[in-house]
Amino acid sequence: MEMYEWTADLNLGIEVIDAQHRQIVQYINDLTRAISSEDVDDVFDVMERLRDYTLDHFAFEEQLMNQAGYVLLSAHQMVHRRFEDKIARMQEELTSGRDPFGIARRVRTSLMAWLIQHIRHEDVDYVPVVKKVLKREESWINSSLKRIFGNSTSNA
Ligand SMILES: [Fe+2]
């Protein structure tokens, strides 16, 4: 299985968000590694970290959009909630015991496809509005990052 590579065309030009998106891709690649090494506990473990990180990322993104007064916030939130449901279903399927590696393979492909299309079609829309608020409120961003991610921001 090939590893996914972050490509420059996926950058939104907002470093704090781009770094989080890159981290999600890293988790997807960790999942690939866990599948390749046929370590089922590792697969479950990575999946859990991937989910937690993605949820934190959504929370951060939503706070940023909210702070920026982004008009499509509630629509974007709905897309996030739907995706969270999808992840929960994937996780249930994964831990159901039937062919975990096969399921994990599908999970990684579908996570990556979702992320790319979400960045290109939904995230891209908030960029101009959020960029403005970022310039104005750097200290707010930092405290929000700390609140949501705790001390794990250093690797985000
Ligand atoms: Fe988003």
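Quick notes on this one:
- Fraction of alpha-carbon pairs over 14 Å apart in segment 96-156 - percent: 74
- Rounded accessible area of ARG49 (nearest 10 Å², 1.4 Å probe): 100
- Cα centroid separation, segment 1-68 to segment 77-93 (Å): 15
- Taking only the Cα atoms of the chain, the radius of gyration and Dmax are 16.0, 51 Å.
- Accessible surface computed residue by residue for the chain, with neighbouring protein chains in place and a 1.4 Å probe, gives 53 Å² per residue.
The values are calculated or read from the model by the stated rules, or taken from the named source; none is laboratory data. All of these numbers come straight from a predicted model, not from anything done at the bench. Remember, those area values only see protein heavy atoms, side chains included, never the ligands or the DNA or RNA. Shrake-Rupley method; radii C 1.70, N 1.55, O 1.52, S 1.80 Å.
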